[in-house]
Amino acid sequence: MTGSSAPHRFGRIALAAVAAFALLATAVLHAPEGLLPADAVLHGWSLLHRPPLATSAARAVTATGTGVLPYAMVVLAGLAVGGTRRRRVTAAAWFGLCLGAGQALRYAAMSAIARPRPPAGDWATHASGCSFPSGHATTATMTAGLVIAALVLRDTRLPRLPLALIGGWAVSVGLTRVYLGVHWFSDVVGGWLFATAWLALSGSVWLWRTQGAATIRSTS
């Protein structure tokens with residue numbers, strides 16, 4: 001991926017994710033009883049497979065996808081990108097702003113769609129608000145994407161294992177929401193798509209900004 005084509009590539013990814021999110025939201029709004037086939041199947045499976053140890057582990061994982069921890073992760077990742085102090089502080093501020101703005105937009109989309117959650121009697125953890133897209137899935141995916149971006153900015157030769165572990169954490173947070181009965185599976189998929197769209201758009205803006213600054217410096 002050349003430097004000049006990277007912003008366009010990220011822009012196309014953002015458009016594709018937005019289109020997929022819109023299609024999924026439309027399907028959810030028009031589905032019989034508001035459920036897609038996988039929603040009912042996976043929700044029913046989770047109700048029948050909740051031994052105490054697995055439920056406790058799921059609660060522990062799901063707790064990492066909200067609150068202060070995601071912000072701490074992205075700010076620390078930004079500070080670790082390397083380079084000058086100004087570059088590190090700028091990256092940390094940009095990552096924190098990206099996560100906060102993404103959460104705000106997700107909340108707006110959730111309120112507009114206003115999909116009900118699964119029955120409260122099926123919940124194995126606390127939840128609030130509407131259901132689509134999942135806030136935990138969105139936040140964890142945005143956090144993982146920003147941490148991976150920071151690692152790549154620091155060293156483009158990064159081994160695949162850390163990337164897989166970070167991505168696996170984000171996926172696990174989303175799946176625990178289904179397992180604990182507080183989200184339908186399509187809510188989680190919607191969160192993943194929303195986060196992908198926002199990350200790609202933010203990445204495109206970041207690249208345009210950094211490339212534009214580099215061009216100005218080279219011509220001055």
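The values are calculated or read from the model by the stated rules, or taken from the named source; none is laboratory data. Just so we're clear, the structure is a prediction, and the values are computed from it rather than from any experiment. As a convention, Cβ positions derive from the backbone with ideal geometry for all residues, glycine included, and neighbour counts pool all protein chains shown. We work out accessible area using only protein heavy atoms, side chains counted, and drop any ligands, DNA or RNA first. Shrake-Rupley method; radii C 1.70, N 1.55, O 1.52, S 1.80 Å.
Listing for the model above:
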read-out	value
Hey, Leu47 among the aliphatic types (A, V, I, L, M), part of a helix (DSSP H, G or I) and open to solvent by less than 80 Å² (accessible area, probe 1.4 Å) or not	yes
Enumeration of residues in the stretch 88-120 that are open to solvent by 60 Å² or more (accessible area, probe 1.4 Å), among the aromatic types (Phe, Trp, Tyr) and over 30 Å from Gly44 (Cα atoms)	Trp94
Residue list for the stretch 71-84, restricted to those being open to solvent by 30 Å² or more (accessible area, probe 1.4 Å) and not aromatic (Phe, Trp, Tyr)	Ala72, Met73, Val75, Leu76, Leu79, Ala80, Gly83, Thr84
Breaking point among (1) at pLDDT below 95; (2) among the small types (Gly, Ala, Ser); (3) open to solvent by less than 40 Å² (accessible area, probe 1.4 Å), for Gly168	(1)
Residues that are within 21 Å of Ala60 (Cα to Cα) and of a type outside the set (Val, Ile, Thr), drawn from the stretch 118-132	Pro118, Ala120, Gly121, Asp122, Trp123, Ala124, His126, Ala127, Ser128, Gly129, Ser131
Positions within the stretch 128-145 being small (Gly, Ala, Ser) and modelled with pLDDT of 95 or more, in sequence order	Ser131, Ser134, Gly135, Ala137, Ala140, Ala144, Gly145
Pair list, Cβ < 6 Å and 6+ apart or interchain, from the stretch 143-162 residues that are open to solvent by 40 Å² or more (accessible area, probe 1.4 Å) and of a type in the set (S, T, N, Q) to residues that are assigned to a helix (DSSP H, G or I) and at pLDDT 90 or above	none
Conditions (1) open to solvent by 50 Å² or more (accessible area, probe 1.4 Å); (2) at pLDDT below 80; number of the one not met by Leu175	(2)
Qualifying residue in the stretch 39-47 (condition: within 23 Å of Gly145 (Cα to Cα), touching a residue at least 12 places away in the same chain (Cβ under 8 Å) and of a type in the set (Ser, Thr, Tyr))	no
Condition met for Thr176 (under 24 Å from Leu76 (Cβ atoms) and of a type in the set (Ser, Thr, Tyr))	yes
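Residue by residue, here is whether (1) open to solvent by less than 30 Å² (accessible area, probe 1.4 Å); (2) of a type in the set (Val, Ile, Thr); (3) in contact with a helix residue (DSSP H, G or I) (Cβ under 7 Å, 6 or more places away or on another chain) holds:
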{"residue": "Ala20", "(1), (2), (3)": "no, no, yes"}
{"residue": "Pro37", "(1), (2), (3)": "no, no, no"}
{"residue": "Val41", "(1), (2), (3)": "no, yes, no"}
{"residue": "Ala58", "(1), (2), (3)": "yes, no, yes"}
{"residue": "Ala63", "(1), (2), (3)": "no, no, no"}
{"residue": "Leu69", "(1), (2), (3)": "no, no, no"}
{"residue": "Arg86", "(1), (2), (3)": "no, no, no"}
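Okay, residues lined up against (1) within 15 Å of the chain's Cα centre (by Cα); (2) closer than 22 Å to Leu24 by Cα:
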{"site": "Leu47", "(1), (2)": "no, no"}
{"site": "Thr55", "(1), (2)": "no, no"}
{"site": "Gly67", "(1), (2)": "yes, no"}
{"site": "Tyr71", "(1), (2)": "yes, no"}
{"site": "Ser111", "(1), (2)": "no, yes"}
{"site": "Pro119", "(1), (2)": "no, yes"}
{"site": "Thr138", "(1), (2)": "yes, yes"}
{"site": "Met142", "(1), (2)": "yes, yes"}
{"site": "Val147", "(1), (2)": "yes, no"}
